[in-house]
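The values are calculated or read from the model by the stated rules, or taken from the named source; none is laboratory data. Treat the numbers as computed from the prediction; the structure is a model and nothing was measured. Cβ placement follows ideal geometry from the backbone for every residue including glycine, while neighbour counts extend to all protein chains displayed. Only protein heavy atoms, including side chains, enter the accessible area calculation; ligands, DNA and RNA are left aside. Shrake-Rupley method; radii C 1.70, N 1.55, O 1.52, S 1.80 Å.
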Amino acid sequence: MNWNNTQIKLKEFINNNLFNGLVIKITKDNEDIYFENFGYSDKENEIKIQKDNIFALYSMTKPITVVACLLLIQRNQLSLEEPIKKFYSDFNEKIKIKHLLNMTSGLTYFWNNSDSGKEIKNAFDLVENENITLQKFCEKVSKSKVISEPGTEWHYGVSLDIIGGIIEKVTNQPFNEFLEENIFSVLEMKDTTFYVKDLDRKTKVYDFKKTIDGNKLTANDNFHFLMPFTNNQPLAPLGGSGLFSTASDYAKFLNFLIDGKINGIQFLEKELLDLMRSDQLKEIKDSFRWTFNKDYSYGYGVRVRLKNDLHPLTEIGEFGWDGALGSAGLVDPKNNITMTFLSSSYPGNNKIVQTELFDAVYKDLRELNIIK
């Protein structure tokens, strides 16, 4: 098959110095229909990127944490209406599990210039610089104030990191072990964890800058934003940003999200999966300002396409999320299609990926008569 639009766009990304290297994997009915690698893992030493390179997922970690939480809800070990004050006494008493899942907890990230944002930044600094435990991280964040009444506004933030801490308390095991036992081993995601399993396949991060002379990429050998880029397990496995993975591993997870089944067995109840990938903001949808397209709302840890009127035209019901280094995941349940795009530049030009690349991929899907 000739993926002309997609290949032109990906080569353009490399030639225009948006990314040093990238891997893309598109599946239909859980079978590969396009799987390619472009550019370099290490540009200076002319080491080409390989299909099994390991990338930092950053916020593409979030949907995995959501599934972990939903599994505990399915097992009646948690509930959507449960106040999180039950687990950390200093949190606002109105925050419930559902507010963490749909980012309406009132907890933000550190780039918010509020007192709360500053307190949360301090907690992340302790993770980076002192390798504190996930429990200490959650306790530190619990002392920060909410910037809006829980349930009233969408704010991108630390919510899913707190879910990881709650999962540790409920299961009495480290969050990384829970994910390994309940998701990664079951889906045979052998390279996915909170550290780099194979340093020889680690993808170097490049700093992206726009200059008068054009875009420039500079290798950053000491990049460690929010987490260590080493082969050691951190004490705080962050459910909002901490995982490393490969395109093949992440594609397995995205394919699982099509129907929640593993080998024909319903592993995650359809009702819970549907909650994850449906509009959970409803009347407060206008507070969801993160997305590039007003056809989207937010479910649990993912954007959710409600209409298909605005560019780029994908499919109603398409959902997924992206990461700080430009990577993006897409699930199209109507057509049984997934797309995993992994890249390693900071900042990641996410809007360009989710407009121009999404558009090119869907043009090819239609021109190749894979979908109508």
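Here is how the numbers come out for the structure above:
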quantity: Residue under evaluation N293, criteria (1) open to solvent by less than 10 Å² (accessible area, probe 1.4 Å); (2) part of a loop (DSSP other than H, G, I, E, B); (3) touching a Phe, Trp or Tyr at 6+ places or on another chain (Cβ under 7 Å), criterion not met; calculated: (3)
quantity: Residue match in the range 233-249 (condition: in contact with a strand residue (DSSP E or B) (Cβ under 8 Å, 6 or more places away or on another chain), modelled with pLDDT of 95 or more and among the acidic types (D, E)); calculated: no
quantity: Positions within the range 33-45 being without any contact (Cβ under 8 Å) to a residue 24 or more places away in the chain and within 22 Å of the chain's Cα centre (by Cα), in sequence order; calculated: N37
quantity: All positions within the range 147-198 that are closer than 22 Å to I262 by Cα and among the aliphatic types (A, V, I, L, M); calculated: L179, I183, V186, L187, M189
quantity: Subset of the range 361-370 (residues that are over 19 Å from D309 (Cβ atoms) and crowded, with 18+ Cβ neighbours inside 10 Å); calculated: D364
quantity: Members of the range 205-256 that are of a type in the set (K, R) and farther than 30 Å from I337 by Cβ; calculated: K209, K210, K216
quantity: Residue that is farthest from the chain's Cα centre (by Cα), among those in the range 17-32 that are in a loop (DSSP other than H, G, I, E, B) and closer than 21 Å to K372 by Cα; calculated: D29
quantity: Cross-chain or 6+ apart pairs with Cβ under 9 Å, the range 124-142 first and on the phi > 0 side of the Ramachandran plot and in contact (Cβ under 8 Å) with a residue 60 or more places away in the chain, then among the β-branched types (V, I, T) and open to solvent by 50 Å² or more (accessible area, probe 1.4 Å); calculated: none
quantity: Members of the range 122-138 found to be more than 16 Å from G106 (Cα to Cα) and either open to solvent by less than 10 Å² (accessible area, probe 1.4 Å) or not polar (S, T, N, Q) (or both), listed by number; calculated: A123, F124, D125, L126, V127, E128, E130, I132, L134, K136, F137
quantity: Of all residues in the range 51-88 being within 30 Å of T230 (Cβ to Cβ) and touching a strand residue (DSSP E or B) at 6+ places or on another chain (Cβ under 6 Å), the one that is surrounded by the fewest Cβ atoms within 10 Å (Cβ to Cβ); calculated: K51
quantity: Any chance K252 is more than 27 Å from L22 (Cα to Cα) and basic (K, R); calculated: no
quantity: Residue match in the range 89-112 (condition: farther than 21 Å from S59 by Cβ and open to solvent by less than 30 Å² (accessible area, probe 1.4 Å)); calculated: yes
quantity: L342, sole failed condition from (1) among the hydrophobic types (A, V, I, L, M, F, W, C); (2) surrounded by 19 or more Cβ atoms within 10 Å (Cβ to Cβ); (3) out of contact with any Leu (no Cβ under 8 Å at 6 or more places or on another chain); calculated: (3)
quantity: Filter result (open to solvent by less than 10 Å² (accessible area, probe 1.4 Å), touching a helix residue (DSSP H, G or I) at 6+ places or on another chain (Cβ under 6 Å) and outside any loop (DSSP other than H, G, I, E, B)) within the range 296-337; calculated: S297, A328, G329, V331
quantity: Where E119 falls short, out of the listed (1) open to solvent by 40 Å² or more (accessible area, probe 1.4 Å); (2) within 22 Å of the chain's Cα centre (by Cα); calculated: (2)
quantity: Lone unmet requirement of (1) in a helix (DSSP H, G or I); (2) in contact (Cβ under 8 Å) with a residue 40 or more places away in the chain for I14; calculated: (2)
quantity: Residue satisfying all of: in the range 126-161; of a type in the set (D, E) and modelled with pLDDT under 90; nearest to K282 (Cα to Cα) among these; calculated: E128
quantity: All helices (runs of 4 or more DSSP H) inside the range 156-270 with 1 or more residues being surrounded by 18 or more Cβ atoms within 10 Å (Cβ to Cβ) and small (G, A, S); calculated: 159-171, 247-259
quantity: Candidate set from the range 280-290 (those that are open to solvent by 10 Å² or more (accessible area, probe 1.4 Å) and either under 16 Å from the mean Cα position of the chain (by Cα) or aliphatic (A, V, I, L, M) (or both)); member that is modelled with the highest pLDDT; calculated: I284
quantity: Residue list for the range 31-49, filter: surrounded by 16 or more Cβ atoms within 10 Å (Cβ to Cβ) and either within 25 Å of T193 (Cβ to Cβ) or modelled with pLDDT of 95 or more (or both); calculated: I33, Y34, N37, F38, G39, Y40, S41, D42, I49
